[in-house]
Structures are given as C-alpha cells and as structure tokens.
Amino acid sequence: MKARPDGDASPSEDRRAGRVEPDPLPDWAAPALDSVLARVAITRIEVGDRFPLYADPDTGTWRTTARGSWTGGFWAGLLWLRARHTGDPSDREAARACTARLADWAGADTSARGLIFWYGTVFADDGDRIRNRGARACRDAFDPELGLVPWGSAFGGPRLMARVDGVPGMVPLLATVDAEAARSHLRRHLDLCLGSQPSSWSWLHTEATGWTACADPPPGWSRGPAWLLLALAEGACLPDGDSFAALFDTLTPASSVPLADTAHPGSPLDTSAAAITALALLRLGRRDRAVGLLETLVDRHLTTDGRLLEGCYDLTAGTAVRHELIWGDFFLAYALAELTGRVAGGTG
C-alpha cells in the first residue's frame, strides 16, 4: 500500500485494508441492474440467433447482424451477466451458445478481437478455450516493429492502422498469453492517441511516412478517451502498470454524460461513453465519481424497461445517434454488477 505524502492512507486504501466500513450501496443500483438484465431476456426472444447492434428509441426494435461484427462480445457478455444473475439453466445455455458463435472471429484480422473475445467471455463459466484461441491469434498478429496488434483489414480499409477501440479488451486478452505484448500495445496507443494536440483516435502507418493521424473518428469523439481510460484500468495489473496512473484524470470527462462530439456543442449525447467511463472509474478505485455518473445514467437515461437511451453509434455517418446501443447496455450492466457485487464470477 502506498502512503500519502502526509503518511496517512487514503480512504479507499483504508476500505481495501478493511479498516473502515464500505460506502453504503445506493438504493437505485440493484433495481437498475434488475431492469437492464430483464431487458436482456426480451432482446433474446426478439433477436434469436442474431446479434443486436442498436435499437430504435421509440419502439425498442433491434437492428441485428448475423455474425456480431465488433459488438458480438457485448451481447454474449450480457447473456452471461443475466445467467449469473438468475442462475436459470436456460439463460446459461443461451449464453454458452452465443459465446460459441464468436469462435470464428479468432481468424479475423482485427484488433477488435479484444472487444469480442474478452467481453464475450469475461463472465463465462466455460470460456477459456475460446478466449485462449482468440488470445493466441492476437499474439500471432502482434507486430514487434510497430509495437502493437494492427487494427487489421477485417472491416475494410488499410491494415496497418491503430485505433483506440482496438485497445480495451485487447490489453487483458493479450496479457493472458504475453504480458509484454499487452503492455506494448497499450503504450503505443497511448503515445499515438495522446501525443498530438488535439488527440487523435485513429492512425495510419506507411513505410514512407510512418504514423499519420486520421480525421475519423474526429478529435472530439467522446468514446475515444472512454475507451482509453478503460484500457488503462485493465492495464493496471501489467508490469509497471502504475506508470499509467498520471493519465487517469486527463482522460476522465468533465461532464457526466458527454456529447458524442465534444467539439460540437449541438451534437447529441453518448451515454455509452459514460457507461464505459463508469466501469473504468470503478476499476480504478474512483468509486464516488463512478457512482455519481451511474446515478445520472439511471435517473435520466434508463427507461423503466431497462433500455439505456441517448447512445450515439456513429455521428459522422448519422447512424443511430440517439439510440439504445448493445455496448451501452453491457457496460452499464457490468458497472452496476461491479458496484452491487450481485453477479458472481468473471475473469476481469
């Protein structure tokens, strides 16, 4: 335990050491988790063997995909959260079947495999085989000269890119087979994303010019710092993980629920960025800040039937800019599960 400059332990350190009583659980947290996981059962009936992406804010109807795209792990993760919450064998079987359908992504050339395989198996009771297969494939894709797993060509475009959404999930996934590769992947993205002003969340590498910042996603994209903050929280267990601590406050947004593009005051909100941030803050021991953020999400943006609205899928393309997003639901449920301690298990 590290002492503060005055020699006294911080309140959070006192709590971890068992010297003070933990903060009381907010009375809204458990009902909110119940609501989100009840919504999972409704979604499961609607989508069948397909994967939900985003839902209409008025009707709640889901847009789906056959293979899950980069979001498939979040649906599998939600199914596992529900299965652990209810203990129902049918919920467990649905989660197991969904996770099995992620296996084909191991051979896909993309660092989004971190999102797919880590979050799709983090609560699974039998996800080791699929997780290990994905981890080994990502380690094989690690480029030692670039110091990272490239974004890849699975979703089109040039292969040698670095994107901030290729960091969360990838860090703990890689760490299961190669901690140094995981640390390098995180460090290189930190250097790229935060090494320019304004920050850039996507970079292209060519032999002639090296790394060049890309315009999309734009610098004001609020999920950029949210993804990176979560990756920092996941990297805390890596060798020299404490060296990243100075960046935590830099990446924490000033507002509870940020605009989808903070550089444009008229843009819609993105509750999914706030949900990601809330989980990261909990993992980093910033409980008070995380609780305040979660309370805002639950009080202002969560419907009584468990839908987290005001998520922005892709502002640039005008796609689902005020919708329920599958990863928004997942990270809200994950954070509430972490806060309440009501969902047992998980590798994270």
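The values are calculated or read from the model by the stated rules, or taken from the named source; none is laboratory data. Predicted model, so just to flag it, every value in this text is computed and none were measured. In this analysis, Cβ positions are derived from the backbone assuming ideal geometry, glycine residues included, and neighbour counts consider all displayed protein chains. Accessible surface areas use protein heavy atoms only, side chains included; no ligands, DNA or RNA. Shrake-Rupley method; radii C 1.70, N 1.55, O 1.52, S 1.80 Å.
One residue stands out in segment 87-107 among those that are under 20 Å from the mean Cα position of the chain (by Cα) and in a helix (DSSP H, G or I): the one that is surrounded by the fewest Cβ atoms within 10 Å (Cβ to Cβ), namely Ala103. For segment 109-126, residues that are crowded, with 22+ Cβ neighbours inside 10 Å and closer than 26 Å to Ser202 by Cβ total 12. Looking at segment 108-165, which of its residues are of a type in the set (A, V, I, L, M), assigned to a loop (DSSP other than H, G, I, E, B) and over 25 Å from Phe51 (Cα atoms)? Leu146, Val149, Leu160, listed by residue number.
Where helices (runs of 4 or more DSSP H) sit wholly within segment 205-308, those with at least 2 residues that are β-branched (Val, Ile, Thr) occupy 271-283, 287-300. Only a single criterion out of (1) more than 19 Å from the chain's Cα centre (by Cα); (2) in contact (Cβ under 8 Å) with a residue 60 or more places away in the chain; (3) open to solvent by less than 30 Å² (accessible area, probe 1.4 Å) is not satisfied by Arg84, namely (3). Condition check for Ala278 on (1) within 20 Å of Asp23 (Cα to Cα); (2) without any contact (Cβ under 8 Å) to a residue 60 or more places away in the chain; (3) of a type in the set (A, V, I, L, M, F, W, C); (4) open to solvent by 10 Å² or more (accessible area, probe 1.4 Å): one failure, at (4).
When Ser202, Ser184 are checked against the criterion of being within 22 Å of Glu234 (Cα to Cα), at pLDDT 95 or above, open to solvent by less than 30 Å² (accessible area, probe 1.4 Å) and within 20 Å of the chain's Cα centre (by Cα), a single residue qualifies: Ser202.
Could you list, in sequence order, all residues of segment 127-140 that are open to solvent by 20 Å² or more (accessible area, probe 1.4 Å) and touching a residue at least 12 places away in the same chain (Cβ under 8 Å)? Residues satisfying the conditions are Asn132, Arg133, Arg136, Ala137, Arg139.
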